[in-house]
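Single-structure report; data block below.
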């Protein structure tokens, strides 16, 4: 599957695009069954879901076969590689049970704009609207200079976006909310400033995420550190599902190429970048900066 020219241009300009009816009704039925199974598995591991804490769980394991195949599905990998290059590589597929608004944030999985990629998110059981948990985006905020300017304002800044004062005006920040029904998928750049507002105390969503392959020393340093946290790490979250995915049980050439990428990045020495991530300013600015090794 490929995006058409207008969809590609919208993504490049604004950072997101809605892909309607990506899943068939039969596929949604399977995804719903696998989600319910994984949610029960998660409760056995993390405690009963009581609407007080968001639950997040991996769907990469062999016990959720349709979910675990999505990273390699051409409907997901096709647009991801079209937008970010054929060396884009799979990161994770997750299920979420959200309990409240999601404050403004950006850059899932990385400490600054140098670690990024495409992310797909979709509702599993119920439609989402602007008032019931649809994704809200500040268009164009995936672009570094615009993002930095935006996140100097306290309702969007990393250190204050979760404050009661910021959450209280979340829905008043100029933005676009993307309504979606089960079967629809929203594709966006992880650097895009986004949030959600409203919804039930058990808003069931899923996401499929990739990383852009590093092209600069800064990007390589971020991905080098990130890869060490995921590739064969004994402390990574949902280790069983990750181990099953990394075992490549179906002999997928594409998955094996990604496993090779993870290994290569994890084994890259810091001397290859000449940089070190500095987290001193992360809490206040939302960005980890770099220090030179020389």
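The values are calculated or read from the model by the stated rules, or taken from the named source; none is laboratory data. Worth saying up front: this structure is predicted, and the values here are computed from it rather than measured. All Cβ positions, glycine included, derive from the backbone under ideal geometry; neighbour counts span all protein chains shown.
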Pick out the one residue from 159, 140 that is over 20 Å from the mean Cα position of the chain (by Cα), touching a residue at least 60 places away in the same chain (Cβ under 8 Å) and either on the phi > 0 side of the Ramachandran plot or outside any helix (DSSP H, G or I) (or both). 159
For segment 46-70, give me each residue that is more than 26 Å from residue 89 (Cα to Cα) and out of contact with any helix residue (DSSP H, G or I) (no Cβ under 9 Å at 6 or more places or on another chain). 46, 47, 48, 50, 51, 52, 54
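Let's see how each residue does on (1) part of a strand (DSSP E or B); (2) over 19 Å from residue 62 (Cα atoms); (3) at pLDDT 95 or above:
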| site | (1), (2), (3) |
| --- | --- |
| 208 | yes, no, yes |
| 220 | no, yes, yes |
| 240 | no, no, no |
| 255 | no, no, yes |
| 258 | no, no, yes |
| 277 | yes, yes, no |
| 283 | no, yes, no |
| 287 | no, yes, no |
| 290 | yes, yes, no |
Applying the selection to segment 66-94, what residues are over 25 Å from residue 35 (Cβ atoms) and surrounded by fewer than 17 Cβ atoms within 10 Å (Cβ to Cβ)? 85, 86, 87
Hits in segment 1-54 - residues which are within 22 Å of residue 134 (Cβ to Cβ), touching a strand residue (DSSP E or B) at 6+ places or on another chain (Cβ under 6 Å) and not in a loop (DSSP other than H, G, I, E, B): 7, 10, 11, 16, 17, 18, 19, 28, 35
Condition first: closer than 23 Å to residue 120 by Cα, buried (at least 16 other Cβ atoms within 10 Å of the Cβ), more than 19 Å from the chain's Cα centre (by Cα) and modelled with pLDDT of 95 or more. Can you find one or more residues in segment 174-188 that meet it? yes
Name the residues in segment 192-214 that are surrounded by fewer than 21 Cβ atoms within 10 Å (Cβ to Cβ) and within 12 Å of the chain's Cα centre (by Cα), would you? 207, 209
Give 278, 248 a once-over and let me know the one that is surrounded by fewer than 18 Cβ atoms within 10 Å (Cβ to Cβ), in contact with a strand residue (DSSP E or B) (Cβ under 9 Å, 6 or more places away or on another chain) and either closer than 23 Å to residue 87 by Cβ or without any contact (Cβ under 8 Å) to a residue 24 or more places away in the chain (or both). 278
